[in-house]
Amino acid sequence: MSTEAAHPTAPATPPAASAPSAPSAPPVTPLPSVPDGWREDNRANWDERVPLHVAGPFYDLDGFRAHPDVLRDFETAEVGDVTGKSLLHLQCHIGTDTLSWAHRGAARVVGLDFSAPAIEAARALAADLGYGPDRAAFVTSDVYDAAGAVPEASYDIVYTGLGALCWLPDIRRWAETAASLVAPGGFLYLAEFHPITDALDDATGTRIVRDYFTRDGQVWDEPGTYADEAAVTVNNRTVEWQHPLGDVVSALAATGLRIDFLHEHDVSLFPRFENFEVRDGYHRFPDGHPRIPLIYSLRASKG
């Protein structure tokens, strides 16, 4: 139903000779604001936190070396058997997810991240597991420059894990870059925190307190890290962006990839809301609490 009232002087019927109106153009998603220095600030923030993540219990690298598989059950079910396939992991951080795919049988994995210390840590971890660069390679590059940075022109699977897209201002450029790296017959797989959670109150997740559709860069100044909130840190300014689900799906569809599925999950990897409980290895709302999507995942294929 139109939200516009009819003009009071409009004729009841159009003139017989009136030409048909031109089709309206599709809506254009506004470009987000991009604060100065965003990339440098974000990189400095991540660079400083790499040693904390390598040494701390959150990533438990000693445990990972003993059992190198930290992938979520829904990811492995949705991606399927990776035996003999090549896989590119965009925004890989210290490489634990990347190397988990190698452990599951991928013939070659490549991880890319803009943090040089993170890539150094990933290479060291790969060496600890006995993977040479022919099996597990890691590249330092901005994700938008990935096509010119990775060793191969395309991969059977392009994978992006949780907590990655919020660091990127231009979701359309990301989609174009990622899609260009998918080999014919291959697919892109994305798992990400659901943007609806950013709009809800932190205590209970029951009230809308922030704008779901905001696309402007949000500047934060927070010490510590999700792996150690009490850690003393210096580079605390970050810039993040919220990407509504429709923007992400539409950006991928516009590249020519076919959306195979879009799934929503009622679990999270961290205590996003204060009333969360931990059950079956995931953070969740208490029993009886109305559920909302906390993570989404999608696969998009190239014919």
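Assorted remarks:
- Local net charge near Asp266, Cβ-Cβ under 14 Å (Lys/Arg +1, Asp/Glu -1): 0
- Carbon and sulfur %, accessible surface of the stretch 192-303 computed with the full protein complex present, 1.4 Å: 52
- Structure-derived Cα Rg over 2.2 N^0.38 Å: which label, when the choices are (1) 0.98; (2) 1.24; (3) 1.14: (3)
- Relative contact order computed over the chain (Cα-Cα under 8 Å; 6+ residues apart), in percent: 17
- The amide H of Gly186, built 1.01 Å from its N in the peptide plane, has Lys302 as neighbours under 5 Å, considering only residues 5 or more places off or on other chains.
- Within the chain, percent of DSSP bridges classed antiparallel, to nearest 5: 55
- Of the residues Ala179, Gly132, Val143, the one whose Cα sits farthest toward the positive end of the charge dipole of the chain, with +1 on the Cβ of Lys and Arg and -1 on the Cβ of Asp and Glu, is Ala179.
- Within the listed set Val209, Val143, Val267, the residue fluctuating most in the Gaussian network model of the chain (springs between alpha-carbon atoms under 10 angstrom) is Val209.
- Value at 222 nm in deg cm²/dmol, rounded to 500, when DSSP H runs of n ≥ 4 in the chain each add -39,500 (n - 2.57): -7000 deg cm²/dmol
- Here the stretch 96-127 and the stretch 244-278 have alpha carbon centers that stand 24 Å from each other.
- Environment charge at Val182 (Cβ cut-off 10 Å; Lys +1, Arg +1, Asp -1, Glu -1): 0
- Of the peptides 221-230, 81-90, the ranking by mean beta-carbon count within 10 Å, highest at the top, reads 81-90, 221-230.
- Per residue, the chain exposes 50 Å² of solvent-accessible protein surface, assessed with a 1.4 angstrom probe and all protein chains in place.
- Ranked by the mean number of other Cβ atoms within 10 Å per residue, highest first, peptides 105-116, 236-247 order as 105-116, 236-247.
- For the stretch 214-227, backbone phi angles converted through the Karplus equation (6.51, -1.76, 1.60; θ = phi - 60°) give residue-by-residue couplings of 5, 10, 7, x, 10, 8, 10, 9, 9, x, x, 8, 4, 7 Hz, Gly and Pro being listed as x.
The values are calculated or read from the model by the stated rules, or taken from the named source; none is laboratory data. Because the structure is a prediction, the values reported are computed rather than measured. Ideal geometry is used to build each Cβ from the backbone, glycine not excepted, and the neighbour counts take in all protein chains shown. Just the protein is used for accessible areas: all its heavy atoms, side chains included, with ligands, DNA and RNA removed. Shrake-Rupley method; radii C 1.70, N 1.55, O 1.52, S 1.80 Å.
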